[in-house]
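Each value in this text was obtained by applying a stated rule to the coordinates, not by laboratory testing. These numbers were taken from a predicted model, which means no experiment stands behind them. Don't worry about glycine lacking a Cβ; one is built from the backbone with ideal geometry, like all the others, and counts go over all protein chains shown.
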Amino acid sequence: MKKNLLILVLQAATLSIYAQKIDSNSIVRKAPVIDLHNTRDYSGFTIKLISKNPACYSFDILTGKKTLAHHFQNPLPFSPKGVQKKEDAYKIAQWMINQYNRTGHWENMMPPHVARELQIECD
């Protein structure tokens, strides 16, 4: 009886030790690939384009190694499909940098009249 109890306790201890080894921080997660061809410098900032699918672009704005404005997903609230072209994403990011330099805070959305002025397609 004592042997069976000892074996059960050892099995329970072994299972609890192995169950605690799986850590959510050590799990490999898929992240969008950032290509070197999708970065551009503008006015002391770096714009990195991120494309989760080929039809929609988002971007990060960085200075040095520090992310200033993190991951703008869809700065066009009136466009349900988001930013469709790379050049449009760069134009939006450059406008946001100019606004930041002028006002000191980040704009999260671009007004429709500014998109028309910059000739950004909003389908």
Dipole moment magnitude, nearest 20 debye, the stretch 36-117 about Cα centre, only Lys, Arg, Asp, Glu C-beta charged: 160
Long-range amide H contacts for TYR42: which residues qualify at under 5 Å (H placed 1.01 Å from N, peptide plane, sequence gap of 5 or more or a different chain)? ILE47
Search the structure for amide H atoms under 5 Å from the amide H of ILE50, placed 1.01 Å from N in the peptide plane, and list their residues when 5 or more places away or on another chain. SER58, PHE59, ASP60
Two pseudo-spin positions, 7 Å from Cα along C-beta at GLN73 and at ASN108, lie apart in nanometres by 1.1
How much of the DSSP beta bridge set in the stretch 36-117 is antiparallel, as a percent to the nearest 5? 100
Cα-based Rg and Dmax for the stretch 36-117, in Å, come out at 11.9, 33
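So for each of 76-83, 91-98 I average, over its residues, the number of other beta carbons within 10 Å; can you give me the resulting order with the highest mean first? Spell out each step's value before the answer.
Numbers: 76-83: 16.1, 91-98: 20.1.
Taking the mean over residues of other Cβ atoms within 10 Å, the ranking is 91-98, 76-83.
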